[in-house]
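What follows is a set of notes on a single structure, which appears directly below.
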Amino acid sequence: MLRMFGKSEEVKPVVFYNTLGRGKQEFKPLRGRHVKMYTCGPTVYDFAHIGNLRSYVFADILRRTLEYFGYEVKQIVNITDVGHLQSDADEGEDKMTAGLKREGLELTLPNMKLLAERYAEAFVEDMKELNIRLPFSFPRASDHVPEQIAFIQSLFDKGYAYILKDGVYFDTAKFPQYGILGGTSSPDHSRIGVNEEKKHPQDFALWKFNGTLGWDAPWGKGFPGWHIECTAMATKYLGKTFDIHTGGIDHIPVHHNNEIAQAEAATGKKYANYWLHGAFATFEGKRIGKSEGNAIRLYQLKERGISPTAYRYLVLTSHYRSPMNFTWEALEAAQTALYRALRAFADFLEGGHIHAGYRDRFEMALKDDLDTPQAVSVMWELLRDETVSDADKRETLLTFDRVLSFGFGSPSELAEKISVVSVEDIPSDVAELISLREAARVRKDWSEADRLREGITAKGYTVEDAKDGPKVRKVT
């Protein structure tokens, strides 16, 4: 429920770090409480990895935060199923073509569609596993080729496009604001000079010619460029100007600068008002990615007995603009912490009230550029605060979970992850550890009791101390 504030109350505004302005800015939507938001989606030639998925958890937190504060959000997440080349320099193989070759499939558009749908469905399932709300639409690039052709024709008509032997290019010199997001001098962007026929090193492909595979266009058969796909779909579903565009920081130097240039050149209007970018997830100091050879998929976490919600928890303990160093140890610790919170919640009685002080601190964290580490810290302070009744903790946590989505409000998630085990169902080795721990507690050897608790946890069980004896739960 939207909490209304009286006119006399001073309400801190929601602020986001806007890449476009290089600083935090108060969020002011174009139209009342309605927000239009575009999130760069995956290229579906393979499973998404956890580095990719971090950016969608971030976008979900952004959307949930806006909805928490009473905004109505229309979100679009595109599906790139053609046209994304392996190099930002508009060179190399189409990633979907590479996927077909990897799986031994004939290079045809129908096969490309089948491959794309397989991995698009897997991506949607990953989103569901991570408690990410699904968007208004998942438009496919291959379903919007006519819109992309029309956009390119508009750029021809206005003098921004020209033809080379390998495709149609955007003339960046005719758009003085090119590179407004910054980052164009980065090493990644320097690769754009590969094609020496281009008028300017930063010119980028709108259409790539291919005489055997692709779509017919006035300038020749082929594929749309990756950048024009996003612009055409974003403007179709959200309008010529919309509120928020999200993506990873790797999109800043090339992809998003290119989107702005071609969109504003064609329409003469500002493309998006706020640009929010998430930082990379790293593994052993290296960016997580397919090319780096460390692309960990969500199903691999599940194979290790790790809940996808635990990965969501881990993601939210880092700020979206800060690099997140992934380790298996950190993920296991995140799962232990999350389950501890869920177990505590499961024992809380109903009938309480939202604690205003903790609610206000939680909201202040979210309003300050989605400070989820602080929001999670507030959650733990509440759980440990003995001056707040369990019933009030329960109602306040349910409010927090509208954004965090850790599963407090989902009985099925609680039941799946937390189960009290009867004495006869406890394995003998675990039962022995529990007995030894009880003996350590009786003699007040707390360090030994903690060591034994860790041994119990390592075997997939948790133990909590209650008046009528230890309560044992199996973590699934």
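Can you work out which of the residues in region 211-222 that are surrounded by 15 or more Cβ atoms within 10 Å (Cβ to Cβ) and at pLDDT 90 or above is farthest from Ile163 (Cα to Cα)? Top of the filtered list is Trp215.
Trp380 is checked against (1) among the hydrophobic types (A, V, I, L, M, F, W, C); (2) over 26 Å from Val14 (Cα atoms); (3) in a helix (DSSP H, G or I) and fails just one. What number does that condition carry? Every condition holds for Trp380 apart from (2).
Please find, within region 147-198, the residue that is nearest to Ala217 (Cα to Cα) out of those that are modelled with pLDDT under 85 and small (Gly, Ala, Ser). Let's see the steps before the verdict.
Filtering region 147-198 down to residues modelled with pLDDT under 85 leaves 183-196.
Okay, now just the ones that are also small (Gly, Ala, Ser), so 183, 185-186, 190, 193.
Details: Gly183: 33, Ser185: 33, Ser186: 34, Ser190: 30, Gly193: 26 Å.
Only one residue fits best here, namely Gly193.
Would it be correct to say that Asp203 is in contact with a strand residue (DSSP E or B) (Cβ under 6 Å, 6 or more places away or on another chain) and over 22 Å from Lys236 (Cα atoms)? The answer is yes for Asp203.
Report whether or not Leu107 is more than 26 Å from Ile244 (Cα to Cα) and surrounded by fewer than 22 Cβ atoms within 10 Å (Cβ to Cβ). Break it down into steps so the answer makes sense when it comes.
On the way: more than 26 Å from Ile244 (Cα to Cα): yes; surrounded by fewer than 22 Cβ atoms within 10 Å (Cβ to Cβ): yes.
Yes.
Criterion applied to Arg140, Arg102 was being in contact with a strand residue (DSSP E or B) (Cβ under 7 Å, 6 or more places away or on another chain) and basic (Lys, Arg), and the one residue passing it is Arg140. Of all residues in region 193-211, those satisfying the criterion of being over 16 Å from Gln153 (Cα atoms) and in contact (Cβ under 8 Å) with a residue 12 or more places away in the chain are Gly193, Val194, Asn195, Glu197, Lys198, Lys199, His200, Gln202, Asp203, Asn210.
For beta carbons closer than 8 Å, sequence separation of 6+ or different chains, a first residue in region 259-270 that is more than 15 Å from Gln148 (Cα to Cα) and at pLDDT 95 or above and a second that is part of a helix (DSSP H, G or I) and of a type in the set (D, E, K, R), the qualifying pairs are Lys270/Glu264. Selection of first residues in region 144-167 that are over 27 Å from Lys113 (Cα atoms) and of second residues that are in a loop (DSSP other than H, G, I, E, B) and of a type in the set (S, T, N, Q), restricted to Cβ pairs under 8 Å at least 6 apart or on distinct chains, gives the following pairs, ordered by first then second residue: Leu164/Asn195. A search for C-beta distances below 8 Å between a residue of region 457-476 that is not assigned by TED's automatic domain parsing to the domain that holds Glu432 and any residue that is modelled with pLDDT under 70 and crowded, with 17+ Cβ neighbours inside 10 Å, counting only pairs 6+ apart in sequence or on different chains, returns nothing.
Every condition in (1) touching a Leu at 6+ places or on another chain (Cβ under 8 Å); (2) within 29 Å of Asn18 (Cα to Cα); (3) among the small types (Gly, Ala, Ser) holds for Gly278 except the one numbered (1). Exactly one residue out of Thr231, Thr246 is among the polar types (S, T, N, Q), within 26 Å of Ser322 (Cα to Cα), crowded, with 24+ Cβ neighbours inside 10 Å and in the same structural domain as Val168 (by TED's automatic domain parsing): that is Thr246.
Out of everything in region 386-410 that is of a type in the set (Asp, Glu) and in contact with a Gly (Cβ under 8 Å, 6 or more places away or on another chain), what residue ends up being nearest to Arg54 (Cα to Cα)? Even if it seems obvious, please write down each step before you answer.
Going through region 386-410, the residues of a type in the set (Asp, Glu) turn out to be 386, 390, 392, 395, 401.
Of the ones still in play, those that are also in contact with a Gly (Cβ under 8 Å, 6 or more places away or on another chain) are 390, 392, 395, 401.
Working: Asp390: 32, Asp392: 32, Glu395: 28, Asp401: 18 Å.
That would be Asp401.
Only one of the listed residues (Glu91, Glu72, Glu26) is at pLDDT below 95, acidic (Asp, Glu) and more than 30 Å from Lys302 (Cβ to Cβ). That residue is Glu91. Can Arg443 be described as surrounded by fewer than 12 Cβ atoms within 10 Å (Cβ to Cβ), among the charged types (D, E, K, R), over 19 Å from Ala337 (Cβ atoms) and at pLDDT 75 or above? Criteria met by Arg443.
The values are calculated or read from the model by the stated rules, or taken from the named source; none is laboratory data. No experiment lies behind these values; they were computed from the predicted model shown. Please note: Cβ atoms are built from the backbone with ideal geometry, for glycine as well, and neighbour counts cover all protein chains shown.
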